[in-house]
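If you scroll down you'll find the structure; I have some questions about it.
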Amino acid sequence: MLGRQLSPKHGVLALRAACPVDGCGLVEKHGLRNAYAESAIPFQCPEHGKHAIRVSEPAEVARLEANAPTCNLIRGMAHLLDTKAHNIRVTGGDYAGTFQEMFLYRPLAAWSRETGLAAGRTTPHILYAPVIVDWSGAKLSKNLYVREGAYDVMKPLGTDGLCSFERLRAHFGDDGAEGLRRIWRGRELVEGP
Ligand SMILES: [Zn+2]
C-alpha cells in the first residue's frame, strides 16, 4: 500500500541495493523485482544473480538506497524517533506543499497511528530554499525531465547560463564566479561584463 502511495507509477517501494560484486554495482532503480521477506530483502542482478540485504545487519541496511519520496519518509520517521532533538530540515522549495502532504505527512500519520510510534511528537520543521524555475514553473535544474531542446530559446534571450553551470561559465569566459555573482545579486545575465 505504501508502494502505491510513494510510487504511483510502479506501485512498489523504490528501494534498491547495488550488486555487491566488485566492478558491477548495478541497481534496479524502481525496485520492481524486490521481494520482501521477514528477515531479508532479496535483489537480483542481471549479471550476477541474487543478492540480499539482511534487515538485522545495520551495515547491510546502510547499503540500501531509496527514491526521493521514500528517502524523505524514512528521514521523517528517523527524526520523529529521535527523542533527544527536534530536527529541522532544509530542502529545495520544489518539495514544498502537496509533495510533503502526500508523501510525508499522510504516511507519517498512518505509520504513527498503526504502530503507536512517535505518538504526540511534532513532525520535523522543514525550511525551503528558493528554487529557480522556468516559465512553466518547473525546476530549471531538472532539465533532465524536459524534452531535448526545450531550453534552446534561452540562448537568444541571453539566459542560457541559468541552464547549467557549464553554460554559465562559458557565457562569461571565467571560472563561473561572475555569473554566480550576478545571480546572487539578482542582476540580468544578459548585461555586458
Ligand atoms: Zn552484478
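Can you tell me which residue is farthest from G92 (Cα to Cα) among those in region 123-145 that are modelled with pLDDT of 85 or more and open to solvent by 60 Å² or more (accessible area, probe 1.4 Å)?
Looking at the filtered set, the residue picked out is H125.
What is the number of the single condition among (1) touching a strand residue (DSSP E or B) at 6+ places or on another chain (Cβ under 6 Å); (2) within 16 Å of the ligand (Cβ to nearest atom) that A96 does not meet?
(2)
Given G23, G11, G49, which one is of a type in the set (G, A, S), at pLDDT below 90 and either away from the ligand (no atom under 16 Å from the Cβ) or at positive phi (or both)?
Details: G23 fails: at pLDDT below 90; G49 fails: at pLDDT below 90.
Sole residue among the options that is of a type in the set (G, A, S), at pLDDT below 90 and either away from the ligand (no atom under 16 Å from the Cβ) or at positive phi (or both): G11.
Looking at (1) under 14 Å from the mean Cα position of the chain (by Cα); (2) away from the ligand (no atom under 16 Å from the Cβ), which one does E65 not meet, given that it meets all the others?
It is condition (2) that E65 fails.
List the strands (runs of 3 or more DSSP E) that sit entirely inside region 1-92 and contain at least 1 residues that are polar (S, T, N, Q) and open to solvent by 90 Å² or more (accessible area, probe 1.4 Å).
40-45
Somewhere in region 146-155, is a residue modelled with pLDDT of 80 or more, within 25 Å of D94 (Cα to Cα) and outside any loop (DSSP other than H, G, I, E, B)?
yes
The values are calculated or read from the model by the stated rules, or taken from the named source; none is laboratory data. Keep in mind it's a predicted model, so treat the numbers as computed, not measured. FYI the Cβ positions are ideal-geometry reconstructions off the backbone, even for glycines, and counts take in every protein chain you see. Remember, those area values only see protein heavy atoms, side chains included, never the ligands or the DNA or RNA. Shrake-Rupley method; radii C 1.70, N 1.55, O 1.52, S 1.80 Å.
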